[in-house]
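Written below as structure tokens is the structure these notes are about.
The values are calculated or read from the model by the stated rules, or taken from the named source; none is laboratory data. What you see is a predicted model; the values in this text were computed from it and never measured. Quick reminder, even Gly has a Cβ in these numbers, built from the backbone with ideal geometry, and neighbours come from all protein chains shown. Protein only, heavy atoms only, side chains kept; ligands, DNA and RNA dropped before computing areas. Shrake-Rupley method; radii C 1.70, N 1.55, O 1.52, S 1.80 Å.
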Amino acid sequence: MEWLISVLVCLLLVGLATHTAWSAVLVWRDPRRAQEEARQWDRLGKHGAWAVTRGLVAMAASFACLALMMITYLAAEVFGQLRDSLVAVSGVFLCAMLACWLVILMIALINRPRCLIPPHLRAKRRP
């Protein structure tokens, strides 16, 4: 039963990472989609919604790291011989996820690094 729950959580995280990455692609391509995405995050307030929308690429990367961390953790449980190295890889994904959250914070506060912000949102710090 524990395996089933772990696999379901892993699938949920992979789905979340895929959805966020696809949303980032759509926001990057279409300025109208950016407004729709910001409306979805309105519960964070207007400024928070635009900060999340500008940082969607870094957020997609953080969810991808989270999903990969879960996959390596499950693989460590399955392959007992490789457990130590897979747990270390999982730790690398954890550090990468934390770095992505730092980038999201930088985008929200100082609008940098601009290469991770969609071109039509680079000048937009406020709604």
- Is it true that L16 is in contact with a Lys or Arg (Cβ under 8 Å, 6 or more places away or on another chain), surrounded by fewer than 18 Cβ atoms within 10 Å (Cβ to Cβ) and under 22 Å from L66 (Cα atoms)? no
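Return the residue satisfying two criteria in turn: it lies in the stretch 100-127 and is open to solvent by less than 50 Å² (accessible area, probe 1.4 Å) and assigned to a helix (DSSP H, G or I), and of such residues it is farthest from R54 (Cα to Cα). So that I can check it myself, show each step before the final result.
Residues of the stretch 100-127 open to solvent by less than 50 Å² (accessible area, probe 1.4 Å): 100, 103-104, 107-108, 111, 113, 117-118, 121.
Imposing the further condition that a residue be assigned to a helix (DSSP H, G or I) reduces the set to 100, 103-104, 107-108, 121.
Working: C100: 13, V103: 11, I104: 9, I107: 7, A108: 8, L121: 6 Å.
Among residues in the stretch 100-127 that are open to solvent by less than 50 Å² (accessible area, probe 1.4 Å) and assigned to a helix (DSSP H, G or I), the one farthest from R54 (Cα to Cα) is C100.
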- Task: For the stretch 1-8, state whether one or more residues are under 30 Å from R114 (Cβ atoms) and at pLDDT 90 or above.
- Result: no
- Message: For the stretch 36-56, check the following and say yes or no: at least one residue is in contact with a helix residue (DSSP H, G or I) (Cβ under 6 Å, 6 or more places away or on another chain), open to solvent by 20 Å² or more (accessible area, probe 1.4 Å) and free of Cβ contacts under 8 Å to residues at least 12 places away in the same chain.
- Response: yes
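On the basis of being without any contact (Cβ under 8 Å) to a residue 12 or more places away in the chain, surrounded by fewer than 19 Cβ atoms within 10 Å (Cβ to Cβ) and either under 15 Å from C10 (Cβ atoms) or in contact with a Phe, Trp or Tyr (Cβ under 9 Å, 6 or more places away or on another chain) (or both), does A75 make the cut? Break it down stepwise before answering.
Values: without any contact (Cβ under 8 Å) to a residue 12 or more places away in the chain: yes; surrounded by fewer than 19 Cβ atoms within 10 Å (Cβ to Cβ): yes; either under 15 Å from C10 (Cβ atoms) or in contact with a Phe, Trp or Tyr (Cβ under 9 Å, 6 or more places away or on another chain) (or both): yes.
Yes: the conditions hold for A75.
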